[in-house]
1. Being loosely packed, with under 15 Cβ neighbours inside 10 Å and of a type in the set (Asp, Glu), is that true of even one residue in the stretch 47-63?
2. Pull out all pairs, ordered by first then second residue, where Cβ-Cβ is under 9 Å, the residues are six or more apart or on different chains, the first lies in the stretch 105-131 and is of a type in the set (D, E, K, R), and the second is assigned to a loop (DSSP other than H, G, I, E, B).
3. Inside the stretch 118-131, can you point out the residues that are touching a Leu at 6+ places or on another chain (Cβ under 8 Å) and not in a loop (DSSP other than H, G, I, E, B)?
4. What tally of residues in the stretch 1-38 results from selecting those that are among the hydroxyl-bearing types (Ser, Thr, Tyr), over 17 Å from residue 50 (Cβ atoms) and over 20 Å from the mean Cα position of the chain (by Cα)?
5. For the stretch 201-239, give me each residue that is farther than 18 Å from residue 170 by Cα and of a type in the set (S, T, N, Q).
6. Would you check if there is a residue in the stretch 105-112 being at pLDDT below 90, in the same structural domain as residue 198 (by TED's automatic domain parsing) and under 21 Å from residue 202 (Cα atoms)?
7. Scan the stretch 20-41 and report the pairs whose first residue is at positive phi and whose second residue is surrounded by 13 or more Cβ atoms within 10 Å (Cβ to Cβ) and part of a loop (DSSP other than H, G, I, E, B), with Cβ atoms within less than 8 Å and a gap of 6+ or a chain change.
8. Inspect the stretch 81-97 for any residue being surrounded by 15 or more Cβ atoms within 10 Å (Cβ to Cβ), of a type in the set (A, V, I, L, M) and at pLDDT 95 or above and give the result as yes or no.
Amino acid sequence: MTERQSAILTSIIEQYAEVAVPVGSVTLAKLFGVSSATVRAEMARLEDLGYIVQPHTSAGRIPTDKGYRYYVNGLTDAPAPDLDTPMQLDRGARAIDARVSTHTDKTDHAIRSAVDSLVELTRNLGLATIGDQLYMSGMGNLFSQPEFANSPQNVQQIARLLDNLEPWLREAAPNEPLNVFIGAENPIGKSSQASLIISRFRSPYSDRSYIGVLGPTRQDYAKVMRLVRHTGAMLEEVL
């Protein structure tokens, strides 16, 4: 993939996350200062490579799971935030810290508070393992998204994923501080158009506790990944 193709793919992903409609060549041509024909040629190449798709004739393009994976891999390679420099934390991370710090004497309350904060900040469904239980919050956020609001099939896939998530986490035990499962990469509900973003952390309950969010593949990965990673690291530090 060329540098310009990578930049176009990034723009498609970020604009689609914001507006939830396919991104067209005219919009991108204005952004990059080139002709629409040039953008269409680059988009055709990205489509041939499997990074974007045209959902219907005469529409713009939307990212595929492969496109999201390419984008997320770039974000994953970025350095993790330094918890020793709180002035560098964004407003969302500081809000989580402030809310959780009032419950550090009660582990389950601290984890639940962190989940509720992620729900408010990401507008996704938040989840965490608390002992042998899976705590979830924000179901309404998830099913109000366009991908799920009018798709019973996607909702059914999401339900299957959630029903089986806690035993899968115990069995598979994802081992990275930040784990991102995009669309078909999910262990269950592979066609749900959902992404699971979770952080592993040590807690009094387990050396492999998890906290994170479940939302549509169309989302602000940079923001959500940063918040989930920060929350996991912060919980491990204070608990």
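The values are calculated or read from the model by the stated rules, or taken from the named source; none is laboratory data. This one's a predicted model, so the numbers in the text were calculated from it and none came from an experiment. A quick note on method: Cβ atoms are made from the backbone with ideal geometry, for glycine too, and the neighbour counts reach across all protein chains shown.
1. Yes, the stretch 47-63 contains at least one residue that is loosely packed, with under 15 Cβ neighbours inside 10 Å and of a type in the set (Asp, Glu).
2. Close Cβ pairs satisfying both conditions: 108/131; 108/205; 116/138; 120/138; 123/138; 123/144; 123/145; 123/219.
3. Let us first name the residues in the stretch 118-131 that are touching a Leu at 6+ places or on another chain (Cβ under 8 Å), namely 118-119, 121-122, 124-129.
Matches in the stretch 118-131: 118, 119, 121, 122, 125, 126, 127, 128, 129.
4. Matching residues across the stretch 1-38 total 5.
5. Residues satisfying the conditions are 217, 219, 231.
6. Yes, the conditions are met somewhere in the stretch 105-112.
7. So the pair list comes out as 20/218.
8. no
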